[in-house]
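Since the structure comes first, as structure tokens, the remarks are kept for the end.
No lab work stands behind these numbers, since they all come straight from the coordinates. Keep in mind the model is a prediction, meaning the values are calculated, not measured. As a convention, Cβ positions derive from the backbone with ideal geometry for all residues, glycine included, and neighbour counts pool all protein chains shown.
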Amino acid sequence: MELSETQFRRYARHLILDEVGEEGQEKLLQSRVLVIGAGGLGSPMLLYLAAAGVGTIGVIDNDRVDLTNLQRQIVHRTERVGDLKVESARATLAAVNDDIRVEAHPVRLGPDNASNIIAGYDLVADGSDNFATRYLLNDVCYAERRTLVGAALSPFEGQLSTFKAYLGPPHPCYRCLFREPPPPDLVPRCETAGILGAVAGVIGTLQATEVLKEVLGLGDSLSGTLLMYDALRAGFHKITLPRDPDCPTCGRPP
Ligand SMILES: [Zn+2]
């Protein structure tokens with residue numbers, strides 16, 4: 001593909017980087033990224049991926065915009081309260097970059113539809129807020145051989161990692177780290193626990209950066225590493241995630 005005059009201007013700050021350049025920008029424009037959830041993490045991811053020129057962005061969410069979402073879900077607007085989140089996100093992204101395609105999936109991701117939807121994309125970014133989805137994504141992305149950039153939030157903290165255990169050792173999957181979901185009553189969600197909105201912005205933006213790095217093949221992948229952010233201490237730290245040879249997901253061939 002050849003970049004147009006408009007694309008040369010729009011992506012000028014990417015094109016000037018040796019690490020991206022025309023070749024990298026073309027890779028981005030040809031890539032297909034699926035974002036799970038148009039919420040606190042999904043909002044900054046969608047905005048940055050659209051701005052960067054990720055050519056096809058899938059977004060899956062069956063919720064509607066609620067006034068309480070706007071404190072952190074910055075892809076939505078007050079006048080879109082009551083609209084489907086995927087349609088609200090699509091409208092914002094179209095205004096940011098009319099050079100890309102947004103595929104809206106107004107459904108709940110479940111065992112019945114996950115493989116079908118995920119197989120249509122190159123890479124998956126998890127902005128969901130529940131363990132059922134997180135484990136489902138881990139297992140389906142492993143089976144479909146798709147890289148998964150995952151993240152989680154608590155009121156003042158966040159963590160993220162990249163999973164591509166389908167490449168074999170030493171890459172771990174999410175189940176290597178946490179084999180079973182915790183009991184539901186131990187898991188506070190944003191709606192009950194609260195969250196400082198900008199913390200979702202920090203982690204979602206880091207996730208967008210890791211997605212772009214994976215598509216471009218730049219720098220160090222977070223595969224095998226958990227990056228943790230503590231907003232109150234204003235600190236980051238990393239821990240190593242080993243692969244578990246007895247893992248129920250990646251202990252078997254995909
Ligand atoms: Zn595993």
Next on the checklist: At a 10 Å Cβ-Cβ cut-off, how would you order Phe131, Phe178, fewest neighbours first?
Outcome noted: Phe178, Phe131
Next on the checklist: What are the membrane-span-like helices in the chain by this rule: whole DSSP H runs, Cα extent along the axis at least 27 Å, mean Kyte-Doolittle hydropathy at least 1.0?
Outcome noted: 197-216
Checklist entry - How high is the relative contact order of the chain, in percent, counting Cα pairs under 8 Å that sit 6 or more residues apart? => result 19 percent
Checklist outcome for this item: Most exposed to least, judged by fewest other Cβ atoms within 10 Å, Val149, Val81 sort to Val81, Val149
Checklist outcome for this item: Env charge @ Leu109, Cβ radius under 11 Å, K,R +1 / D,E -1, value -1
Next on the checklist: Can you give me the distance in nm between label points at Ser115 and Asp18, each placed 7 Å from the Cα along the Cα-to-Cβ direction?
Outcome noted: 4.5 nm
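Rounding to the nearest 20 debye, state how big the charge dipole of the stretch 49-112 is about its Cα centre with +1 on each Lys and Arg Cβ and -1 on each Asp and Glu Cβ.
The dipole magnitude comes to about 140 debye.
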Next on the checklist: Applying a 10 Å radius around every beta-carbon, put 13-21, 246-254 in order of their mean neighbour count, most first.
Outcome noted: 246-254, 13-21
Checklist outcome for this item: Expected unfolding gain across Glu79-Asp122 under the 0.36 nm per residue rule, minus the alpha-carbon gap, is 12.2 nm
Item to check | Cα Rg, Dmax (largest Cα-Cα span) when computed across the chain, Å | outcome: 17.6, 55
Checklist entry - What number, rounded to the nearest 500 deg cm²/dmol, is the helix-based mean residue ellipticity at 222 nm of the chain, given -39500 (n - 2.57) per DSSP H run of at least four residues and division by all its residues? => result -10000 deg cm²/dmol
Item to check | Antiparallel bridges, percent of DSSP beta bridges restricted to the chain (to nearest 5) | outcome: 50 percent
Checklist entry - Where a ≥ b ≥ c are the square roots of the eigenvalues of the C-alpha gyration tensor, would you call the stretch 1-145 rounded, which needs a/c under 1.5, or, failing that, prolate if a/b is larger than b/c, or oblate? => result oblate
Item to check | Calculated FRET efficiency for the pair Arg179/Met1, C-beta based, R₀ 51 Å, to 0.05 | outcome: 0.70
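Under 27 Å between C-alpha atoms is the cut-off here; go through the chain and count lysine pairs that meet it, provided they're at least eight residues apart or on different chains.
Count of close lysine pairs: 6.
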Next on the checklist: Quick check on the exposure proxy: order Thr78, Thr56 from fewest to most C-beta atoms within 10 angstrom.
Outcome noted: Thr78, Thr56
Item to check | Extended-chain gain in nm, criterion 0.36 nm per residue less alpha-carbon gap, Leu196 and Phe156 | outcome: 13.8 nm
